[in-house]
Amino acid sequence: MDYLSKVKELRKRIPIPITEAMELLKKNNSDIVLCEQIFIDSNILEIRRQTNCSEEMARQRYREHQFDIAKTIGIIREELYDKNESISDPENYKDALSKLDFSDISFEDMPVEVGNKVNNIILKFGEFRDEIINSLPENVKTIYWVGEFESAILCDGLLSIFYNNNLSEIMRFRTAVEKTGSKKLLNLFDEAKSLVEEKYILKSDINFVDEFPDKDPFKFFGNKLNNKIEKIAEKIDDLQSSGEYWDRIELLFNGN
């Protein structure tokens with residue numbers, strides 16, 4: 001059974017970690033639609049567990065936010081609960097950071113899952129976002145940005161990195177990609193960035209969406225560029241499915 005092609009197809013439909021996709025496909029006779037539904041239902045249960053919201057609200061917000069579970073949980077919490085004074089206490093986010101545990105994460109899922117765990121803290125203590133990220137150990141911080149890079153591609157596509165972020169933020173992604181030690185991945189990132197810069201000058205203080213709120217990014221950049229970026233994204237997905245890439249992630253996480 002060619003599970004790799006099935007994994008790629010499933011990951012185009014939902015932002016599912018590679019190992020979880022593989023496991024679901026093996027258990028469900030490679031039925032992509034069934035695996036998608038099982039994954040979504042599982043996340044709906046987790047959203048409801050963490051927010052006590054209704055199933056209808058969980059499903060609606062989950063789809064509205066492109067199956068990003070951390071973002072969905074944060075949005076629902078903001079809708080249902082007023083922030084209390086204790087959440088603004090910086091000591092609380094420090095305590096939350098001290099309890100971060102990554103021992104249950106496989107290296108294949110590590111970047112995205114590290115991002116999810118850190119983002120859960122950021123969603124709760126949003127006003128301390130920069131402090132939270134900067135408080136992470138250097139290796140975890142790099143893994144976090146690699147995970148944000150992967151999540152952005154999974155949820156919104158590679159092009160979104162360049163229209164949802166300003167140049168300073170884009171360069172943080174690039175630094176993290178560079179630290180993986182994968183020259184191929186870095187070259188693909190730079191290739192995508194160069195294509196975008198042919199149509200739009202990236203700026204350090206504002207991103208495309210905020211600069212042009214009334215413009216559709218896909219229409220602005222055009223089908224030709226979109227297709228080129230999509231092909232680069234497919235190459236990135238192929239690269240991130242390789243054992244060599246995950247060996248680098250393991251070394252990076254271990255501080256080597």
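The values are calculated or read from the model by the stated rules, or taken from the named source; none is laboratory data. These figures come from a predicted structure and were not determined experimentally. Every residue, glycine as well, gets a Cβ built from its backbone with ideal geometry; the counts of neighbours run over all protein chains shown. The accessibility values were calculated without ligands, DNA or RNA, using every heavy atom of the protein model including side chains. Shrake-Rupley method; radii C 1.70, N 1.55, O 1.52, S 1.80 Å.
Points worth noting:
- Subset of the range 25-46 (residues that are touching an Asp or Glu at 6+ places or on another chain (Cβ under 9 Å), closer than 19 Å to VAL112 by Cα and of a type in the set (A, V, I, L, M)): ILE44
- Across the range 127-134, a minimum of one residue is classified as assigned to a helix (DSSP H, G or I) and open to solvent by less than 20 Å² (accessible area, probe 1.4 Å).
- Residue among ALA21, ALA58 that alone is buried (at least 17 other Cβ atoms within 10 Å of the Cβ), free of Cβ contacts under 8 Å to residues at least 60 places away in the same chain and farther than 23 Å from ARG77 by Cα: ALA21
- Test result for GLY181, in contact with a Gly (Cβ under 7 Å, 6 or more places away or on another chain) and of a type outside the set (Ser, Thr, Tyr): no
- Among the helices (runs of 4 or more DSSP H) confined to the range 1-82, the ones with at least 2 residues that are over 23 Å from ASP156 (Cβ atoms) are located at 3-13, 18-27, 32-51, 55-64.
- Selection from the range 138-158 of residues that are aliphatic (A, V, I, L, M) and under 17 Å from ARG13 (Cβ atoms): ALA152, ILE153, LEU154, LEU158
- Qualifying residue in the range 198-215 (condition: under 27 Å from GLU9 (Cα atoms) and at pLDDT below 90): no
- Any hit, the range 170-187, residues being of a type in the set (S, T, N, Q), open to solvent by 20 Å² or more (accessible area, probe 1.4 Å) and over 23 Å from PRO111 (Cβ atoms): no
- The range 24-53, subset open to solvent by 60 Å² or more (accessible area, probe 1.4 Å) and within 16 Å of ILE76 (Cβ to Cβ), residue modelled with the highest pLDDT: LEU45
- Condition broken by ASP216, with the remaining ones in (1) surrounded by 13 or more Cβ atoms within 10 Å (Cβ to Cβ); (2) free of Cβ contacts under 8 Å to residues at least 60 places away in the same chain satisfied: (1)
- Every residue from the range 95-129 that is under 17 Å from GLY74 (Cβ atoms) and among the acidic types (Asp, Glu): GLU113, GLU127
- Of the residues making up the range 103-118, those that are in contact (Cβ under 8 Å) with a residue 12 or more places away in the chain and open to solvent by 30 Å² or more (accessible area, probe 1.4 Å) are SER106, PHE107, GLU108, GLU113, ASN116, LYS117.
- Among the residues of the range 1-10, those that are of a type in the set (D, E, K, R) and either at pLDDT 85 or above or buried (at least 18 other Cβ atoms within 10 Å of the Cβ) (or both) comprise LYS6, GLU9.
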